[in-house]
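Presented below is the structure to which this report refers.
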Amino acid sequence: MDVREKSARAFEEKFGKKPTMQAYAPGRVNIIGEHTDYNGGFVLPCAIKYGTSMSAAKNGTGKFRILACDINNDYDEFEISENIEKNPDKLWVNYLRGMTQFIERKFKGKVEGLDVAITGDIPLGAGLSSSASLEVTFGHLVSSAFGLGIPLQEIALMGQASEAYIGMKCGIMDQTISACGTAGHALCIDCESLKLTQVPLPEGLVVMVINSNVKHQLVGSEYNDRRESCEKAAKILNVKLLRHATMDMLKEHQSELDDVSFRRARHVITEDQRVLDAIDAMKSGDLKTISKLMYASHCSMRDDFEITIPEIDGLVEIIREALGEGRGAVRMTGGGFGGSVVALVRPCDVEKVKQAVSAKYPAIAGRDATIFETPACDGAQFKTF
Ligand code: GLA
């Protein structure tokens with residue numbers, strides 16, 4: 001059953017009335033540009049066919065009453081206010097508590113209570129931004145329900161602030177693509193100016209997502225550590241953000257940097273260039289170059305940024321071997337430490353990839369991978385019934 005239909009049915013069952021409105025926002029897969037967003041650089045994600053749906057109706061109180069169908073019908077309610085305590089037992093609801101307080105701070109008194117049923121089909125822990133999709137769906141729901149007209153990019157910023165509220169100092173990529181995706185296109189985000197550029201996906205290429213089924217959990221120190229190293233390197237290089245650094249500048253300051261910070265910065269500086277080069281290659285449909293750039297991105301994440309794990313490295317090599325030199329592109333996608341691999345392949349190679357992964361991956365990972373193909377999809381949506 002489609003998630004929209006599922007959330008509407010769950011709403012009726014739980015609240016005993018029909019929903020009057022519904023919001024939806026997708027997850028994402030990042031084609032290239034990893035850990036560049038919080039360095040003010042470039043990223044190139046697209047929205048996927050899986051997402052989060054919220055069916056809702058006003059409830060005439062000052063409270064949000066929320067049902068999470070996918071988490072064993074877990075339920076939470078909280079008062080709308082400018083300062084909302086985190087719920088120590090329910091991680092999922094804290095994303096919504098965060099969003100609520102940021103909206104309330106800006107639109108004092110304009111938001112009233114809603115009953116909400118949530119369901120989604122983004123695989124959790126797969127590095128496909130289920131939490132960003134949750135924040136953006138909720139922000140768009142509340143904004144639309146009360147006529148606040150919050151621009152989608154501002155909803156994305158509130159989502160990013162909600163992650164920080166929970167303890168994850170993430171960048172702006174995931175929420176922006178979930179809010180602003182366009183069907184058939186990847187989105188180049190300049191993460192400093194927040195300028196958006198649509199980049200059509202080359203015709204005749206399929207986006208495959210291969211979930212390693214090794215769960216990634218980013219609310220943790222590894223991500224924030226990486227961010228700190230980047231900030232430290234930027235300071236030594238005398239730039240506000242690593243986006244403004246060059247390889248020449250990095251080499252000039254090498255002796256002042258410890259080895260780890262040097263390699264973290266090298267990843268970011270080279271990755272920014274790879275994003276720009278990949279956009280050019282996509283424009284001319286040059287699969288050979290896209291393939292080279294995506295593999296270079298993978299190696300840089302593995303060796304310099306150190307965010308891959310053996311299962312993910314193995315998966316990338318299995319797919320590269322199946323595709324053959326320059327015939328398709330593959331790399332890890334997302335924050336790292338598990339999660340998924342993204343591949344851009346010709347339709348005639350899809351089966352080959354699937355077969356190679358199911359034949360070889362279990363031997364290195366002790367589990368199967370899960371594979372899906374996705375078009376690039378639209379971002380956040382809202383409708384009333
Ligand atoms: C996570 C974060 C993003 C981004 C990626 C890595 O998905 O939420 O902001 O930093 O990791 O590219």
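Quick notes
- Taking the conditions (1) open to solvent by 10 Å² or more (accessible area, probe 1.4 Å); (2) modelled with pLDDT of 95 or more in turn, Val345 satisfies each one other than (1).
- Scan of the stretch 356-377 for residues that are among the acidic types (Asp, Glu) and either loosely packed, with under 14 Cβ neighbours inside 10 Å or assigned to a helix (DSSP H, G or I) (or both), ordered by number: Asp368
- Remark: pairs (first residue in the stretch 145-166, without any contact (Cβ under 8 Å) to a residue 12 or more places away in the chain; second residue away from the ligand (no atom under 12 Å from the Cβ) and open to solvent by less than 30 Å² (accessible area, probe 1.4 Å); Cβ separation under 8 Å; 6+ apart in sequence or on different chains) = Gly149/Ser143.
- Among the residues of the stretch 5-49, those identified as part of a helix (DSSP H, G or I) and open to solvent by 70 Å² or more (accessible area, probe 1.4 Å) are Glu5, Lys6, Arg9, Glu12, Glu13, Lys14.
- The residues listed here are Lys58, Lys86; of these, the one that is under 19 Å from Glu13 (Cα atoms), open to solvent by 40 Å² or more (accessible area, probe 1.4 Å) and either in contact (Cβ under 8 Å) with a residue 12 or more places away in the chain or within 21 Å of the chain's Cα centre (by Cα) (or both) is Lys58.
- The residues in the stretch 160-198 that are more than 11 Å from the ligand (Cβ to nearest atom), open to solvent by less than 20 Å² (accessible area, probe 1.4 Å) and over 21 Å from Tyr50 (Cβ atoms) can be counted, and the count is 1.
- Filter result for Arg243 (in contact with a Ser or Thr (Cβ under 9 Å, 6 or more places away or on another chain), charged (D, E, K, R), open to solvent by 40 Å² or more (accessible area, probe 1.4 Å) and within 14 Å of the ligand (Cβ to nearest atom)): yes
- Test: residue in the stretch 98-107 that is within 27 Å of Ala10 (Cα to Cα) and within 16 Å of the ligand (Cβ to nearest atom): yes
- Options Leu315, Leu293: the member that is modelled with pLDDT of 95 or more, surrounded by 16 or more Cβ atoms within 10 Å (Cβ to Cβ) and more than 29 Å from Pro362 (Cβ to Cβ): Leu293
- Within the stretch 20-52, if we keep just the residues that are closer than 27 Å to Gly147 by Cβ and touching an Asp or Glu at 6+ places or on another chain (Cβ under 8 Å), the residue that is farthest from the ligand (Cβ to nearest atom) turns out to be Gly51.
- Flag if Val353 is crowded, with 17+ Cβ neighbours inside 10 Å and either under 16 Å from the mean Cα position of the chain (by Cα) or within 21 Å of His267 (Cβ to Cβ) (or both): no
- Scanning the stretch 318-342 for residues that are open to solvent by less than 10 Å² (accessible area, probe 1.4 Å) and among the aliphatic types (A, V, I, L, M) turns up Ile319, Leu323, Ala329, Val330, Met332, Val341, Val342.
- Residue count for the stretch 260-284, restricted to those that are open to solvent by 50 Å² or more (accessible area, probe 1.4 Å) and in contact with a Leu (Cβ under 8 Å, 6 or more places away or on another chain): 2
- Single residue of Phe385, Phe337 found to be more than 20 Å from the chain's Cα centre (by Cα) and in contact (Cβ under 8 Å) with a residue 24 or more places away in the chain: Phe385
- Residues in the stretch 78-92 that are closer than 24 Å to Ala380 by Cβ and assigned to a strand (DSSP E or B): Phe78 only.
- Search result, residues across the stretch 232-259 that are small (Gly, Ala, Ser) and within 16 Å of Asp272 (Cα to Cα): Ala233, Ala234, Ala245
The values are calculated or read from the model by the stated rules, or taken from the named source; none is laboratory data. Note that the structure is predicted; figures quoted are calculated from it, not measured. Cβ sites come from the backbone with ideal geometry, for glycine too, and all protein chains shown count toward neighbours. Side chains included, ligands, DNA and RNA excluded: accessible areas come from the protein's heavy atoms. Shrake-Rupley method; radii C 1.70, N 1.55, O 1.52, S 1.80 Å.
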